Each structure stands twice: as C-alpha cells, then as structure tokens.
Amino acid sequence: MRQTVSEYRAILLSGAPLMDTRAPIEFARGSFPGAENLPLMLDEERAQVGTCYKHSGQDAAIALGHRLVSGAVRESRIAAWADFAQRHPDGYLFCFRGGLRSQIVQRWLAEEAGIDYPRVAGGYKALRQFLMATTETTLAQRPLVVVGGMTGVGKTEFLATLPNAVDLEGCANHRGSSFGKRVSGQPAQIDFEHQIAIRLLRLEDRQPSPLIVEDEGLFIGKCALPEPLHKKMGAAPVIWLEDHFENRVRRILQDYVVDQLVDHQALYGAQEGFDRFAAHLKLSLFNIHKRLGGERYQRALAMLSDALTDQRATGAVDGHGLWIRLLLCEYYDPMYAHQKASKAGRILTSGDAAALHQFLLK
C-alpha cells in the first residue's frame, strides 16, 4: 500500500492531480495548480470541531467529527473521493499538515472503496514551504534581467519567446495596467505565489542563463510580488524593448478592446457582455482620472463613449484608437519616460524584439 510521499519536487513538476481535503474556506485562501477541493469537513463542521477541541480536548473533537460526518454524509464524501481516485490514479491527497484529516480520508477510501491512495507527507504546509524555499533559493542563485518598455511594446509577447522567462502578469491573470483587469478574475495571493514558484522550479534544472521578467511594480492588480522577487527586480539590470507608436496602438486595441470584448461576451453573452465590457473600460479610465486631470479625463471619456457607441452599433473598433493615442501621448509615455530615466544606470541595451534577442544570445 502506498501511504505517504515526500517527493514534493516530483509531485509539483509532474502536475499530478491533487485532492485537497481541507475545508472550502482554507482552499479558497490558496492551494496548488490543478488541486480539487473534496473536503473531509465543510466550513461549519470544521468550526464546530475546532470549538469542541478548545473546550473539551482532542478526543471529544474527534468524536464530534465522526458524528458530523456519518451516515449519508459520510457515504457521499467517500463516493466523491473514490470518483477522484478512479479518475486520477496517479494523484495524491493532502490536508493542512498531512495529519488526521488526510489519514481519515485515506483510511476510509481503503476500507470502504478498496482504494489505496497516497497521502502527501506534511500536507499543504510542507508543499508550500518547499515552494517558498524554491523561490528564495532560485532567486539567490540565478541572475535576473528585467524587460522594460513603454505601454504596448509587446513585453508579454517578447517573454513568450524566451525559454527562461517568468510571465508574472500571466501568473496574476492581469495585464498590469489600470485597464488590465481580466473578466475571469485574479488568483488568491497564495495561488499567485505558488504559480511563480512552480515556474521557477521548472527552470531550476536548465542552463544557468538569467531569469527574465517584465518590469512590474509591487502589485499586479491585487496580487503582490513575493518580497525576494520584488527586491531583486529593483536592483536587476534592464533591457528596454521598443516598437513603433502605431504598432503599440494596434496591440493595445487588440488586447484591451477586441480580446476584452470576446472574453466578456464568452462569459455573459452578447448583450450583457458588451454592457459589462463598456462599464469595465469606463471604470478603468475613471480609476486614473485624478492623475489625468479633469480636462484630459473628460476628453478621453468623450472619445471612449463615442467609440463604444459606434462599436455597439456597427462593430467597428477603430474609434478606440483616439482615446488610446491620447492616453499614450499625454499620460503613459511621459510616465514611462520618467521611469526609464530613473533606471538609466541599469539599462544594458534598448531596441526592438529582434535586437534584444540577439543581445540575450551573446
């Protein structure tokens, strides 16, 4: 019988299916890519057991847990665990510390469903500690290069062509700007950290070439960069990506207008999707209205409103180019020019994607 495993690296690199037996409230705070929440106890049951433990001790708490998860409830949960195990014979189960909850699930699966299913030694806590240590160790051992550049130059596209890049915005499911919120939402902070760590883990055994990341602030949307990564990025050398202005406008139009509408309508349908998409753009513009100033904000809002009206009526998106150009010329470009000047001593080279590729191959 397979009972416990402690090969955390192999589990995480393989993308093995994981049965998270913690309560839903614990799962919502963060788990691991691909994990499925099939709890031993639901939130209210866990809370009752915890209160009992505080007042009456472990034995009483265990007894209460068995009463709460009994009869039809117990049978339905075992059935769900068995279904997962049968669908994922190469998977593992875990609880918070690899203790009582996962041991009970493992035992009931064996006794009631005849399935011997492995349990992660140390559980969630051990896996997370391993990943956080991976982040710190990898960042301490590997050089790091930051890709900077004006809005719309295609930094994410550039990263996608590099085998040693970590797409931080992809991990955060956010494009990084005021307009960058995605309709599918962002991961929990812990899930964000785990995605970065697993990407670093995958790069760990490759040639010791520099890790490449996009220049970011501390926050990407609501997700905060891990402190060791943010600190290293703040001192790392920079390569500055450039592209023609109209290429940048077209790229922003595609990412923030065309693709955003597709995503909204895929989730909400044609009419509601368009309404939510339009509200998203207007709210994103409003979020920077203080930095734009009243007059500039009103000009941009009028352009955006006209573009949305035309788009709703005809499907045309060209009108969005007006407010995009305004924001680039009068807001984003001056801001990024200032940032570039502040990083001048760290910039190794600048150029288009082909030139930066050549530089990195040296």
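The values are calculated or read from the model by the stated rules, or taken from the named source; none is laboratory data. This structure is a prediction, so every number in the text was calculated from the model and none was measured. Cβ placement follows ideal geometry from the backbone for every residue including glycine, while neighbour counts extend to all protein chains displayed. For the accessible areas, the whole protein counts, side chains as well, though only heavy atoms, and no ligand, DNA or RNA atoms are used. Shrake-Rupley method; radii C 1.70, N 1.55, O 1.52, S 1.80 Å.
Remarks
- Residue check for Arg22: modelled with pLDDT of 95 or more, out of contact with any His (no Cβ under 6 Å at 6 or more places or on another chain) and open to solvent by 70 Å² or more (accessible area, probe 1.4 Å): no
- When we screen Ser305, Ser342, Ser284, Ser350 for residues that are open to solvent by 30 Å² or more (accessible area, probe 1.4 Å), touching a residue at least 60 places away in the same chain (Cβ under 8 Å) and small (Gly, Ala, Ser), the only hit is Ser350.
The rows are residues; the columns are (1) open to solvent by 70 Å² or more (accessible area, probe 1.4 Å); (2) touching a strand residue (DSSP E or B) at 6+ places or on another chain (Cβ under 9 Å); (3) within 30 Å of Arg346 (Cβ to Cβ); (4) without any contact (Cβ under 8 Å) to a residue 24 or more places away in the chain.
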position: Leu241; (1), (2), (3), (4): no, yes, yes, no
position: Glu246; (1), (2), (3), (4): yes, no, yes, yes
position: Arg251; (1), (2), (3), (4): no, no, yes, no
position: Asp255; (1), (2), (3), (4): no, no, yes, no
position: Ile288; (1), (2), (3), (4): no, no, yes, no
position: Arg312; (1), (2), (3), (4): yes, no, no, no
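- Here Gly180 meets each of (1) at pLDDT below 95; (2) in contact with a Phe, Trp or Tyr (Cβ under 7 Å, 6 or more places away or on another chain) with one exception, condition (2).
- For Leu292, the conditions (1) open to solvent by 40 Å² or more (accessible area, probe 1.4 Å); (2) closer than 16 Å to Arg325 by Cα; (3) of a type in the set (A, V, I, L, M) are fulfilled apart from (1).
- Among the candidates Gly185, Gly234, Gly149, residue that is out of contact with any Lys or Arg (no Cβ under 8 Å at 6 or more places or on another chain) and on the phi > 0 side of the Ramachandran plot: Gly185
- Flag if Val146 is of a type in the set (A, V, I, L, M, F, W, C), in contact with a strand residue (DSSP E or B) (Cβ under 9 Å, 6 or more places away or on another chain) and either open to solvent by less than 20 Å² (accessible area, probe 1.4 Å) or not in a strand (DSSP E or B) (or both): yes
- Of the residues making up segment 340-360, just one is in contact with an Asp or Glu (Cβ under 8 Å, 6 or more places away or on another chain) and part of a helix (DSSP H, G or I), namely Ala353.
- Selected residue (only one of Gln339, Gln358 is closer than 26 Å to Glu157 by Cβ, in contact with a Gly (Cβ under 8 Å, 6 or more places away or on another chain) and modelled with pLDDT under 95): Gln339
- Scope segment 138-154; condition under 21 Å from the mean Cα position of the chain (by Cα) and farther than 30 Å from Ile324 by Cβ; matching residues: Thr138, Leu139, Leu144
- Every residue from segment 150-176 that is of a type in the set (Gly, Ala, Ser) and in a helix (DSSP H, G or I): Ala160, Gly170, Ala172
- Hits in segment 163-195 (condition: closer than 15 Å to Leu211 by Cβ, in contact with a strand residue (DSSP E or B) (Cβ under 7 Å, 6 or more places away or on another chain) and open to solvent by 20 Å² or more (accessible area, probe 1.4 Å)): Asn164
Let's see how each residue does on (1) open to solvent by 70 Å² or more (accessible area, probe 1.4 Å); (2) assigned to a helix (DSSP H, G or I); (3) modelled with pLDDT under 90:
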| position | (1), (2), (3) |
| --- | --- |
| Met1 | yes, no, yes |
| Leu13 | no, yes, no |
| Glu26 | no, yes, no |
| Ser31 | no, no, no |
| Met41 | no, no, no |
| Glu45 | no, yes, no |
| Asp59 | yes, yes, yes |
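- For segment 83-101, the candidate set comprises residues that are modelled with pLDDT of 95 or more and outside any loop (DSSP other than H, G, I, E, B); within that set, the residue that is surrounded by the most Cβ atoms within 10 Å (Cβ to Cβ) is Phe94.
- Pair list, Cβ under 9 Å, 6 or more apart: segment 64-89 residue under 11 Å from Ile115 (Cβ atoms), other residue of a type in the set (S, T, N, Q) and open to solvent by less than 70 Å² (accessible area, probe 1.4 Å): Trp81/Thr21
- Which numbered condition Pro228 fails, given (1) open to solvent by less than 20 Å² (accessible area, probe 1.4 Å); (2) over 12 Å from the mean Cα position of the chain (by Cα): (1)
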